[in-house]
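As structure tokens, the structure follows; a few thoughts come after it.
The values are calculated or read from the model by the stated rules, or taken from the named source; none is laboratory data. On a predicted model such as this, the values are computed, not experimentally measured, just so you know. Backbone-built Cβ (ideal geometry, glycine too); neighbour counts: all protein chains shown. Accessible surface is based on the protein model in full, side chains and every heavy atom, while ligands, DNA and RNA are left aside. Shrake-Rupley method; radii C 1.70, N 1.55, O 1.52, S 1.80 Å.
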Amino acid sequence: MRCDSVLELNRMLNFEIFSFPVPFRRVFRHSSALRMHAENFIVRTSINNHIIGWGESCPRDYVTGESIESCRKFLHDHLDSLACITDLASLHTWVENNANVIDQNPSAFCAIELAILDALGRADSIPVETLLGIEQLGAITDYTGVLGDSPFGVYWLLAQRYRARGFRDIKVKLSGNLEKDRRKLKLWKRKRLNRRSVRLDANNLWTTVDDCLGYLQNLPNVFWAVEEPLKPRDFTALTDLTARMEANVILDESVTRVEDLVHYTGNHWSVNLRISKHGGILRSIQIAREAKTRGLNVIVGAHVGETSILTRAAIVLIQYLENSQIATEGAFGTHLLTQDLAEKPLQFARDGRMRTAKIKCLTQPGLGLKIRADLLKPG
């Protein structure tokens, strides 16, 4: 039954849908999109109208073919069966029985799964990690400084800020304009910046291997890897590319489900694990496990505009990996958003690090976040 923006069931779980179109502090550009505000799908679930859980995802048409509207439809279409989830075992069963449906709607299910896990953890008074049998780590995680396709002056200022704060890992979004990209990458050859680990994100700029190689070979040799240089899932071309260049290839849009990994073996590949595009924590763990089995490196990634809900979910994955990922993205919180959904935003410190031993929400039931529902818009 639907009443305005509220989806209700007379069973164990009730669901509500919200949006959070909060503005960014600055415009973020890359070759696939320009973003000025968050575009997130927020789900609140309750157990017997009492225990509340929150979930979030970032549907992106160019990543999984989804939209906010398609996520709404997915929840509406599957309300009856989702209401039958009563514990972790039944959640696993739902994921297994609906794998093909989730493959087509991973972001939609991600927000639902996170809300359910949060509620189940709160109901049992245990953190989500304990619910999933994952050990809590007291580790320090270094996050990546991301440089979008900004005007050079803005780009230069952000690069200097990352340097001054001690960031060691940098991701640069390419524009497709060779002279513009050459100028930006020359910065990283300067003495004060050249000790950073730099990787590129092409966001599927090229259609052929030759065009890609020709472009990359004309850039300053300051990067160790390039993310998604060709069309997503062009497995043959991507394999040819890795055989012809020294830099590693990072797979993002090309890997959204565990079956996509069958094409790749060896540490010259890295998989960008983004919980929203994989369909939640359970499927992300499955992909991470298979990637490690195949000898692939992994990055714990993020979508631009994530709030603390997805940042907290990514920490579950980091702890499952025992902090073995080669890079970690996200956790920008109010460094990018003008407001965050959590009362105490979960974000990296000024030095680009997050010290999990000092984060109180990690020891609280569920995801442990106190959400500012007053910032949300119904529907």
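Here are some notes:
- Residue within the range 285-297 that is part of a loop (DSSP other than H, G, I, E, B) and open to solvent by 10 Å² or more (accessible area, probe 1.4 Å) present: yes
- Pairing each residue of the range 78-106 that is hydroxyl-bearing (Ser, Thr, Tyr) with any residue that is in a loop (DSSP other than H, G, I, E, B) and surrounded by 15 or more Cβ atoms within 10 Å (Cβ to Cβ), provided the two are 6+ apart or on different chains, yields C-beta distances under 6 Å for THR86/MET12.
- On inspection, LEU310 passes the criterion of being under 23 Å from LEU91 (Cα atoms) and within 13 Å of the chain's Cα centre (by Cα).
- Residue within the range 270-287 that is within 20 Å of LYS184 (Cβ to Cβ) and either touching a residue at least 12 places away in the same chain (Cβ under 8 Å) or in contact with a strand residue (DSSP E or B) (Cβ under 8 Å, 6 or more places away or on another chain) (or both) present: no
- Flag if SER308 is open to solvent by less than 10 Å² (accessible area, probe 1.4 Å) and of a type in the set (S, T, N, Q): yes
- Residue under evaluation THR265, criteria (1) assigned to a helix (DSSP H, G or I); (2) more than 30 Å from PRO23 (Cα to Cα); (3) free of Cβ contacts under 8 Å to residues at least 40 places away in the same chain, criterion not met: (1)
- The set of residues from the range 282-332 being of a type outside the set (A, V, I, L, M, F, W, C), closer than 18 Å to GLY55 by Cα and touching a Phe, Trp or Tyr at 6+ places or on another chain (Cβ under 8 Å) comprises GLY305, GLU306, THR307, GLY330.
- Within the range 347-379, if we keep just the residues that are under 15 Å from PHE20 (Cβ atoms) and not in a strand (DSSP E or B), the residue that is most open to solvent (accessible area, probe 1.4 Å) turns out to be ASP374.
- Subset tally (residues that are assigned to a loop (DSSP other than H, G, I, E, B), open to solvent by 20 Å² or more (accessible area, probe 1.4 Å), of a type outside the set (Lys, Arg) and within 15 Å of LEU369 (Cβ to Cβ)) for the range 320-345: 3
- Remark: pairs (first residue in the range 185-199, closer than 22 Å to ILE326 by Cα and touching a residue at least 24 places away in the same chain (Cβ under 8 Å); second residue hydrophobic (A, V, I, L, M, F, W, C) and surrounded by fewer than 17 Cβ atoms within 10 Å (Cβ to Cβ); Cβ separation under 8 Å; 6+ apart in sequence or on different chains) = SER197/TRP224; VAL198/TRP224; ARG199/TRP224.
- Within the range 35-65, the residues that satisfy the criterion of being of a type outside the set (Val, Ile, Thr) and more than 12 Å from GLY305 (Cβ to Cβ) are ARG44, SER46, ASN48, ASN49, HIS50, GLY53, TRP54, GLY55, ASP61, TYR62, GLY65.
- Subset of the range 341-376 [touching a helix residue (DSSP H, G or I) at 6+ places or on another chain (Cβ under 6 Å) and of a type in the set (D, E, K, R)]: ARG350, ASP351
- Restricted to the range 30-67, and to residues there that are assigned to a strand (DSSP E or B) and closer than 25 Å to TYR155 by Cα, the residue that is modelled with the lowest pLDDT is HIS30.
- Flag for LEU137 being farther than 30 Å from ASN218 by Cα, at pLDDT below 95 and either within 21 Å of the chain's Cα centre (by Cα) or among the aromatic types (Phe, Trp, Tyr) (or both): yes
- For the range 226-259, a tally of residues being of a type in the set (A, V, I, L, M, F, W, C) and open to solvent by less than 10 Å² (accessible area, probe 1.4 Å) returns 8.
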